[in-house]
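For reference, the structure discussed in these notes is given below.
The values are calculated or read from the model by the stated rules, or taken from the named source; none is laboratory data. Bear in mind that the values here come from a model prediction, so they are computed numbers and not experimental data. Glycine also receives a Cβ, built like all others from the backbone with ideal geometry; neighbour counts cover every protein chain displayed. Protein only, heavy atoms only, side chains kept; ligands, DNA and RNA dropped before computing areas. Shrake-Rupley method; radii C 1.70, N 1.55, O 1.52, S 1.80 Å.
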Amino acid sequence: MGFRNAIEVETAPLAALGLVGGYLTAKESGIRPLGGVVLAAAGVYAGRTWLAKKGPAVTAGLTALYVGGFGASHPLAKKIGAWPSVLTVAAASAAASYLLVDRD
């Protein structure tokens, strides 16, 4: 079993999965680095498609949004709660991935 060709992968669900799944994994397991593994794995898998389809500039921007969303979710959670924060940054990352890469 192998990975799908990068050109065939939809990245919006991966971006959302990485952020939501990473949070949920860390929360439910109590092992924060394990959540980081989920976050990183989904990000790398999406990133190879961003690079293959749109090149390094778009990949850098989407990566910054993805990682920045992870970082921003922490202070945002203090204002609106953990789940609303995670869902907000996941939606932003997924929407950007769709608009810049997947809809073509």
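Among all residue pairs at least 6 apart or on different chains, which show Cβ distances below 6 Å where the first residue, located in the stretch 49-77, is without any contact (Cβ under 8 Å) to a residue 40 or more places away in the chain and the second is of a type in the set (S, T, Y) and open to solvent by less than 20 Å² (accessible area, probe 1.4 Å)?
L65/S93; L76/S85; A77/S85
Name the residues in the stretch 53-97 that are hydroxyl-bearing (S, T, Y) and under 14 Å from G43 (Cα atoms), would you?
T59, T63, Y66, S93, S97
Scan (1) closer than 23 Å to F3 by Cα; (2) of a type in the set (A, V, I, L, M, F, W, C); (3) in contact (Cβ under 8 Å) with a residue 24 or more places away in the chain for the single condition A95 breaks and write down its number.
So the condition that A95 fails would be (1).
This table checks each residue for (1) open to solvent by 30 Å² or more (accessible area, probe 1.4 Å); (2) of a type in the set (F, W, Y); (3) modelled with pLDDT under 95.
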| site | (1), (2), (3) |
| --- | --- |
| T11 | no, no, no |
| E28 | yes, no, no |
| G35 | no, no, no |
| W50 | no, yes, no |
| A64 | yes, no, no |
| F70 | yes, yes, no |
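Select from the stretch 2-52 the residues that are in a loop (DSSP other than H, G, I, E, B) and on the phi < 0 side of the Ramachandran plot and list them in ascending order.
Selection gives G2, F3, R4, N5, V9, E10, I31.
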